[in-house]
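Shown next, in structure tokens, is the structure this report addresses.
Since every read-out is calculated from the coordinates, none of them should be taken as a lab result. Everything numeric in this text was worked out from a predicted model, so none of it was measured. Because the Cβ atoms are built from the backbone with ideal geometry, glycine has one as well, and the counts that use them run over all protein chains shown.
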Amino acid sequence: MERVIWVAVLVFCFFPTAGIGKSVTTDTIPVSPESNSQTAPIPVDQLGVPQSELSREPDQTKAETSTDLTPPQVLYNTSVLPKPVARMHSQLRQAALEGDMNRLRMVLESNELPPTLSFGDIGDPIDFLKESSGDGEGFEILAILADTLEAGFIHVDAGTPQEMYIWPYFARFPLSSLTPDQKVEMYRIITAGDFAEMEEFGAWTFYRVGIGPDGTLHYFVAGD
């Protein structure tokens, strides 16, 4: 307090008219960024986070990881199928086991749309199946259809326009995750040579059946 009063007295002594029409010059002291109390954001290249992760939604990485590592649930009990799906499954299986191509034709023609039997033009569906069969009469194809429909199946894309019940489940199952008993089940449908080719390709390419929840047969097809 004494220091403040003494300074005031000195000002008054040297500038006796300071209080009368005298202006006082003031300077603004700049504050450097370093003295600001707020911390500047850290550049993203110094966070130690891969650039590919910065654009993801918060939980996207976790969700994708868990999905990729979890094989789909395999089902065997056809009683859980919706009635239209169970009906189509039963009709196809019965025609196959009876070796009746005419009965299979009726099942195919009862479909709302012609099912996919090939990725190219085929003409008459029954003629095409006979030509694709090793015996030329269609019995080999019917045996494959029967074995396919007796295998385990999966339910995929529930609640979407792509919802489907698929036989055999190998069509959407990671082949590298097959257990010994699943491999035995698989070899009832394909050969070891077929499996080696699929492992190299990275996906199931043998015959599979897809039936929509409304009972529509979408495909009985092989290939990629």
Q: Measure off 7 Å from each Cα along the Cα-to-Cβ vector at Asp147 and Leu75, then give the distance between these two points in nanometres to one decimal.
A: 2.4 nm
Q | Calculated from backbone phi, Karplus (6.51, -1.76, 1.60) coupling profile of region 76-84 in Hz, x at Gly/Pro | A | 10, 7, 6, 5, 7, 6, x, 3, x
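Given Cβ point charges of +1 (Lys, Arg) and -1 (Asp, Glu) and nothing else, what value in debye, to the nearest 20, does the dipole of region 177-224 about its Cα centre take?
Numbers: 3 positive and 8 negative charges, 32 e Å.
So the dipole magnitude of region 177-224 works out to roughly 160 debye.
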**Q.** Per-residue ³J(HN,Hα) for region 109-116, Karplus 6.51 cos²θ - 1.76 cosθ + 1.60, θ = phi - 60°, Hz, x for Gly and Pro
**A.** 6, 6, 5, 4, 10, x, x, 6
Q) What length, rounded to one decimal in nm, is gained on full extension from Asp135 through to Asp214, with 0.36 nm per residue of separation minus their alpha-carbon distance? A) 25.1 nm
Q. For region 94-192, what is the relative contact order in percent, using Cα pairs closer than 8 Å and at least 6 residues apart in sequence?
A. 18 percent
Q: Would you please give the residues with an amide H less than 5 Å from that of Tyr219, counting only those at least 5 places away or on a separate chain, with H modeled from the backbone geometry?
A: Thr116, Gly210
Q. In nm, to one decimal, how far is the Ala192 label point from the Asn102 one, both placed 7 Å along Cα→Cβ?
A. 4.3 nm
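Take every Cα pair under 8 Å in region 153-215 that's 6+ residues apart, average their separations, divide by the length, and report that relative contact order as a whole percent.
On the way: 56 pairs, mean separation 26.1, N = 63.
Once normalised by length, the contact order is 41 percent.
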